[in-house]
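Report on one structure; see the data block that follows.
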Amino acid sequence: MTTVAPAEVVERIWARDATLWTGADEAKWLGWLDEPMRMRSRVGQLRQFAEDLAAPGVVDTFVLLGMGGSSLATEVLRRTLEAQRFHVLDTTHPAAVRRLTQTLDFAATLFIAASKSGTTLETRCHLEHFWEKTGKRGEFFAAITDPGSDLEALAKERGFLGVFEGEPTIGGRYSALSVFGMLPATLMGVDLERLLERVEEMVEACRGEEGNPGLELGLELGNAWREGRDKVTVNPNVAGFGLWAEQLLAESTGKEGKGLIPAPGEAPEGLDRQAAEVRLPAPYELGQEFYRWEFATAVAGSILEINPFDQPNVQAAKDKTNEVLVAGGEPDVEPRGSLDELFAQAGDGDYVCIQAFVDPSREAELDPLIERARRETGCVVTHGLGPRYLHSTGQLHKGGPNTGLFVQVVDDPGDEVPIPAKKFGFRRLIRAQAAGDLASLEERRRRIVRVRLEDL
């Protein structure tokens, strides 16, 4: 295990030196370092789009269709700004899709499909659903995607109101300060000039050795990991900041049997835990905090000696989901295993991960299970909604250390909601995603049980 002097770490990051990590393709994924400055040149474009949209006084509601890196920064922005008329749809649960569909005025809603690859299954299914519901009217749609993607071609073919190109040298989880986060921010009424001015102060601070906030946090994260404190209790979890931070940490570092295990809101006391402070004294500091954590994650990745910009195990659950869908019939999501037996296996350094493929409106019903897991195991307890977590912490669960005790929770998703041009609907899709992920985890010899929400 090598040790690099802090000043050298900073210098090599800014020099795009891939050997700071693994010497693979890291240099190709460092566009986030300069993206705030590039975004300054696009402020006028984004502001004009928002003003043109607002001028007729027709559209007053927005729905972002996206997953993982295309949605989590926007969700944190939405909560921070309390943007009541901005919705983020990142679930395939039919009850949630139906509920949102029934509440929207389609003559006053802009749908924004966000996907870097342009092929994200959930986003494309959401898009087809609402395309049908709006009467196939392109003026009520926009897209954010990388240049040349299938989504870009589809958006142009269907006459979307706007198509915004992402920066190809930025991975999804580092895209908060790119157009993926900044277009939604503009539509929420954020003054982008003001936000980005504050971000640029952080960028400059992250160029030096002394007083470098990103370096300091990254060294804390990485050095604590070396000491065996791999559980990161993200506190305070202001406006759900942990939702975004946990993807950044988990997907970036959870590989090769290593990883920082983010645990937003968990108590920091414990031999395997470290506390990482979130600094959000005011809403317009959010951009600075995004950048500080991005830089810190790159620093921590160098200490873990992994590539913090790839996600080699994410495809596994997608492939298993496709296998279930292709097989036809009803996916098997019957209960499996015993909670008592699973929790009895808990040892030093383990963590409990509750993976809930349930209606997001029922998330609070998980609280007794979370409390029971803490009480009976003494471990850090993390929890996430499926399929959201598949695009967030799923890489860690499969590629990180085999210290997780996994509890998959399913509910009765209710009646099917069809997806145009697909042989399956949202009910079958979310059940296939649950079945696929459990199979993927079992394939990697992870300890996992499945329970019904209604039985808890």
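Quick look at the values:
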quantity	calculated
Test result for W14, in contact (Cβ under 8 Å) with a residue 60 or more places away in the chain and either buried (at least 18 other Cβ atoms within 10 Å of the Cβ) or on the phi > 0 side of the Ramachandran plot (or both)	no
Single residue of the range 46-62 satisfying the filter (surrounded by 15 or more Cβ atoms within 10 Å (Cβ to Cβ) and out of contact with any Ser or Thr (no Cβ under 6 Å at 6 or more places or on another chain)) that is nearest to A114 (Cα to Cα)	F62
Subset of the range 353-368 (residues that are open to solvent by less than 10 Å² (accessible area, probe 1.4 Å) and in a helix (DSSP H, G or I))	L366
Unique match (being open to solvent by 10 Å² or more (accessible area, probe 1.4 Å) and either touching a residue at least 24 places away in the same chain (Cβ under 8 Å) or not small (G, A, S) (or both)) among H397, H383	H383
Test: residue in the range 360-373 that is of a type in the set (V, I, T) and touching a Gly at 6+ places or on another chain (Cβ under 9 Å)	no
Conditions (1) closer than 28 Å to L81 by Cβ; (2) out of contact with any Ser or Thr (no Cβ under 7 Å at 6 or more places or on another chain); (3) among the basic types (K, R); number of the one not met by K156	(1)
So P401, is it within 14 Å of L456 (Cβ to Cβ) and at pLDDT 95 or above	no
Single residue of A421, A373, A432 found to be open to solvent by less than 40 Å² (accessible area, probe 1.4 Å), in contact with a helix residue (DSSP H, G or I) (Cβ under 9 Å, 6 or more places away or on another chain), in contact (Cβ under 8 Å) with a residue 40 or more places away in the chain and not in a strand (DSSP E or B)	A432
Qualifying residue in the range 322-339 (condition: crowded, with 20+ Cβ neighbours inside 10 Å and among the polar types (S, T, N, Q))	no
Filtered residues of the range 100-155 (kept if closer than 19 Å to A73 by Cα, among the hydroxyl-bearing types (S, T, Y) and open to solvent by less than 20 Å² (accessible area, probe 1.4 Å))	S115, T123, T145
Cβ pairs under 7 Å, 6+ apart, first in the range 101-127 and under 18 Å from R158 (Cβ atoms), second surrounded by fewer than 24 Cβ atoms within 10 Å (Cβ to Cβ) and polar (S, T, N, Q)	F106/T134; T109/T61; G118/S149
Pairs, first of a type in the set (V, I, T) in the range 129-154, second open to solvent by less than 20 Å² (accessible area, probe 1.4 Å) and part of a loop (DSSP other than H, G, I, E, B), C-beta under 9 Å, six or more apart	I144/G66; I144/S115; I144/G166; I144/S178; T145/S115; T145/G118; T145/G166
Only listed residue being touching a Lys or Arg at 6+ places or on another chain (Cβ under 7 Å), farther than 23 Å from K156 by Cβ, among the small types (G, A, S) and part of a helix (DSSP H, G or I), chosen from A96, A27, A73	A27
Subset of the range 32-68 [within 24 Å of F130 (Cα to Cα), among the charged types (D, E, K, R) and assigned to a loop (DSSP other than H, G, I, E, B)]	D60
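For every residue, the table says whether it meets (1) touching a helix residue (DSSP H, G or I) at 6+ places or on another chain (Cβ under 8 Å); (2) in a strand (DSSP E or B); (3) open to solvent by 30 Å² or more (accessible area, probe 1.4 Å).
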site: K255; (1), (2), (3): yes, no, no
site: G259; (1), (2), (3): yes, no, no
site: E266; (1), (2), (3): no, no, no
site: R279; (1), (2), (3): yes, no, yes
site: L286; (1), (2), (3): yes, no, no
site: Y291; (1), (2), (3): yes, no, no
site: F295; (1), (2), (3): yes, no, no
site: A300; (1), (2), (3): yes, no, no
site: N307; (1), (2), (3): yes, no, no
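This table checks each residue for (1) of a type in the set (S, T, N, Q); (2) open to solvent by 10 Å² or more (accessible area, probe 1.4 Å).
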{"site": "V4", "(1), (2)": "no, yes"}
{"site": "W29", "(1), (2)": "no, yes"}
{"site": "T80", "(1), (2)": "yes, yes"}
{"site": "F86", "(1), (2)": "no, no"}
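The values are calculated or read from the model by the stated rules, or taken from the named source; none is laboratory data. These numbers come from a predicted model, not from an experiment. Here the Cβ is made from the backbone with ideal geometry for all residues, glycine too, and neighbour counts use every protein chain on show. Protein only, heavy atoms only, side chains kept; ligands, DNA and RNA dropped before computing areas. Shrake-Rupley method; radii C 1.70, N 1.55, O 1.52, S 1.80 Å.
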